[in-house]
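Enquirer: Before anything else, here's the structure in question.
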Amino acid sequence: MKRFDFDTPVNRKGTCCEKWDEQGGDFIPLWVADMDFKSPEPILEAVKNRMDHGVFGYTEYDWELTDTIVEYYKKYYGYEIDPEWIVWVPSVMPGANIACRCAGGKIMYNTPMYPHIRRLPEEAHCPYQEIPLCKKDGIYTFDMEAMEAELERDVKVFVLCNPHNPVGRVFTKEELEEIVEFCEKHDLLLISDEIHSQLIFEGTHIPAFMISEKAKMRSITLTSAAKTYNIPAIPFAFAIIPNEEIRKRYKDIAKGLFATPDALTAKAVKAAYTQCDDWREALIHYLKENRDYLEERISGIPGLKVNHNEATYLSWIDATGLNVDNPWEFFRKEAGVNFSNGEDFGYPGYLRLNFGCTKALLKEALDKVEGAVKSCQVRTQ
Ligand SMILES: Cc1ncc(COP(=O)(O)O)c(C=O)c1O
């Protein structure tokens, strides 16, 4: 495997960086879901070349972007997408917002869930129903029984997150088939957020629309290169909408809302999808080592339990055994470490840890976390 440097820290402070600059204090930031690594060289080169041109006038949509996406699905999933199905959006969440508006009814999703999906009801003005995931043999999965029993009559949409943020699952073909059947039975639009689909450690990512013809006809898939290549600031994502009627509704709602992605964006995204496979492979290797190290360290800290990640650089920690009122506040105050607060995912007492950082920073944070738990135990004995 080609070697890349993920160990040299990059100073992100003072760059309007949400993760490092917007914490309300000086903390080790293990929260916002971006990585502390520089993006791969071909992306940086593409951006530099565009900058060197020096003129930033109005641009037309670059249709090579669509071709690139078609090629990408062919290469990774052996699936030939019709280019017509692809609708660009500036990022996944506005794309999901439009998707919710398409169905015009209550949305259902499972908790814990990525907070911005939990904000869709407020942002897309739709009512919602939350059903918790359940655990089978210690593994988070869909609670199909509860979903069937408790489904409210006006639910029109099911929002799937696969791979799942925050529990790091890569749902199996069987699990996805159950979801598709559920949507079919209750006539629900299936919105599938697949933004983490290129960061897989174990298992195989199956795009939901590939499950069956039924899935294809009732789904809107949303994804982008943002997570994998660490370019969430580059405004490009896309929806895959095979059903012509749904696609028309989607495009009607989106009409006039977004500026066309400029050439800088197009060049960066094309480079990501076509020239960065070796970087991604090395990244996955590095992240996997971080995951394994994290699991080992957390298993040695009393009161904390960590979930096993099959994908994503976001890990889910059960801190309910700690015996503190608010573990998020506790670790900010006592360890100087800023996690994402489980409460925002619908699970108070839990934490989400972003391990998309250097090994050295992860070790420093975990040393502090361990130290804080130990001194708290000494105080309460
Ligand atoms: C599951 C999921 N969907 C969407 C997003 C955000 O996507 P975007 O920045 O493209 O709107 C994130 C970012 O953390 C995410 O984890």
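Values quoted throughout were computed directly from the atomic coordinates according to the rules given, and no laboratory measurement underlies them. All values reported here derive from a predicted model rather than from experimental measurement. Methodologically, a virtual Cβ is constructed for each residue, glycine included, from the backbone with ideal geometry; neighbour enumeration extends over all protein chains shown.
Enquirer: For the chain, state what percent of all Cα-Cα pairs lands in each successive 10 Å bin, counting from 0 Å until the bin that includes the largest distance.
Expert: 5, 23, 32, 26, 12, 2, 0
Enquirer: Let me ask something additional. What residue among H116, N338, Q129 has its Cα farthest toward the positive end of the dipole of the chain, where the charges are +1 on Lys, Arg and -1 on Asp, Glu, each on the Cβ?
Expert: N338
Enquirer: Explain nothing, just the number: dipole magnitude of segment 1-109 about its Cα centre with +1 on each Lys and Arg Cβ and -1 on each Asp and Glu Cβ, in debye rounded to the nearest 20.
Expert: On the way: 12 positive and 19 negative charges, 67 e Å.
Roughly 320 debye, rounded to the nearest 20.
Enquirer: What nm distance separates the two modelled labels at K173 and N326, each placed 7 Å from Cα along Cα→Cβ?
Expert: Roughly 4.7 nm, to one decimal.
Enquirer: Starting from 0.36 nm per residue, how many nanometres of slack lie between K74 and R153 once their C-alpha separation is accounted for?
Expert: Details: separation 79, 0.36 × 79 = 28.44 nm, distance 3.84 nm.
Here the segment from K74 to R153 would lengthen by 24.6 nm.
Enquirer: Mind listing the phi-derived Karplus ³J(HN,Hα) values for segment 242-259, rounded to whole Hz, using 6.51, -1.76 and 1.60 with θ = phi - 60°, and x for any glycine or proline?
Expert: x, 6, 4, 5, 5, 4, 5, 4, 4, 5, 4, 5, 7, 3, x, 7, 10, 6
Enquirer: Here is a follow-up. Relative to the compact globular guide of 2.2 N^0.38 Å, what is the alpha carbon radius of gyration of segment 53-275, as a ratio?
Expert: Details: Rg = 17.1 Å, N = 223, 2.2 N^0.38 = 17.2 Å.
Its radius of gyration relative to the 2.2 N^0.38 Å reference: 1.00.
Enquirer: Let me ask another. Using alpha-carbon pairs under 8 Å, 6+ residues apart, how would you state the relative contact order of the chain in percent?
Expert: It rounds to 23 percent for the chain.
Enquirer: If each of F56 and L257 carries a label point 7 Å out from its Cα toward its Cβ, how far apart are those two points in nm?
Expert: It works out to 2.4 nm between the two label points.
Enquirer: If you don't mind, there's one more thing I want to ask. For Cα pairs less than 8 Å apart in space and 6+ apart in sequence, what is the mean separation divided by the residue count of segment 116-202, i.e. the relative contact order in percent? Before the final figure, lay out the partial values.
Expert: Values: 74 pairs, mean separation 23.0, N = 87.
The normalised contact order for segment 116-202 reaches 26 percent.
Enquirer: Moving to a separate point now. Is there a quick way to get the dipole size of segment 212-355? I mean about its Cα centre, with the Cβ of Lys and Arg at +1 and of Asp and Glu at -1; what is the value in debye to the nearest 20?
Expert: 720
Enquirer: If you don't mind, another one. If you place +1 on the Cβ of every Lys and Arg, -1 on the Cβ of every Asp and Glu, and leave all else neutral, what size is the dipole of the chain about its Cα centre, to the nearest 20 Debye?
Expert: That gives the chain a dipole magnitude of about 580 debye.
Enquirer: Apply the Karplus parameterisation 6.51 cos²θ - 1.76 cosθ + 1.60, with θ equal to phi minus 60°, to every residue of segment 92-97 and state each ³J(HN,Hα) to the nearest whole Hz, in sequence, with x for glycine and proline.
Expert: 5, 5, x, x, 6, 4
Enquirer: For a quick check of your reading of the filter: which GluC sites (Glu not before Pro) in segment 38-91 sit in a DSSP loop and have no more than 14 other Cβ atoms within 10 Å?
Expert: Details: sites: E45, E60, E64, E71, E80, E84; in loops: E60, E80.
When the GluC sites (Glu not before Pro) of segment 38-91 are filtered for loop state and at most 14 Cβ neighbours within 10 Å, E60, E80 remain.
Enquirer: What ³J(HN,Hα) values, in whole Hz, does the Karplus curve 6.51 cos²θ - 1.76 cosθ + 1.60 give for segment 123-128 when θ = phi - 60°, with x put for Gly and Pro?
Expert: Calculated HN-Hα couplings, in order: 7, 9, 6, 10, x, 8 Hz.
Enquirer: Give the residue from T274, M1, F56 lying farthest towards the positive end of the charge dipole for the chain; charges sit on Cβ (+1 for Lys and Arg, -1 for Asp and Glu) and the dipole is referred to the Cα centre.
Expert: F56
Enquirer: Let me ask you something else. Pairs of Cα atoms under 8 Å, at least six residues apart: use those to get the relative contact order of segment 53-275, whole percent. All intermediate terms of the calculation are to be shown ahead of the outcome.
Expert: Numbers: 366 pairs, mean separation 58.3, N = 223.
Rounded, it is 26 percent for segment 53-275.
Enquirer: Mind checking which of I206, T228, H164 is farthest towards the positive end of segment 151-293's charge dipole, using Cβ charges of +1 (Lys, Arg) and -1 (Asp, Glu) about the Cα centre?
Expert: T228
Enquirer: Amide H to amide H, which residues 5 or more places from A237 or on other chains are under 5 Å from it, using H placed in the peptide plane?
Expert: V89, S91
Enquirer: With each run of n ≥ 4 DSSP H residues scored as -39500 (n - 2.57), what mean residue ellipticity at 222 nm is computed for the chain after dividing by its residue count and rounding to the nearest 500 deg cm²/dmol?
Expert: Values: 14 runs with 155 residues, N = 381.
Rounded to the nearest 500, the figure is -12500 deg cm²/dmol.
Enquirer: Calculate, for E202 and E281, the FRET efficiency according to 1/(1 + (r/R0)^6) with r their C-beta to C-beta distance and R0 25 Å; round to the nearest 0.05.
Expert: Values: r = 15 Å, r/R0 = 0.60.
The formula returns an efficiency of 0.95 here.
Enquirer: Fewest first, what order do T260, T141 take by the number of other Cβ atoms within 10 Å? Numbers along the way, then the final one.
Expert: Numbers: T260 13, T141 19.
Fewest-to-most ranking of T260, T141: T260, T141.
Enquirer: What ranking of K19, K363 emerges when the number of other C-beta atoms within 10 Å of each C-beta is taken as an exposure proxy, fewest first? Display every interim value, and only then the final one.
Expert: Numbers: K19 19, K363 14.
Listed from fewest to most nearby Cβ atoms, that is K363, K19.
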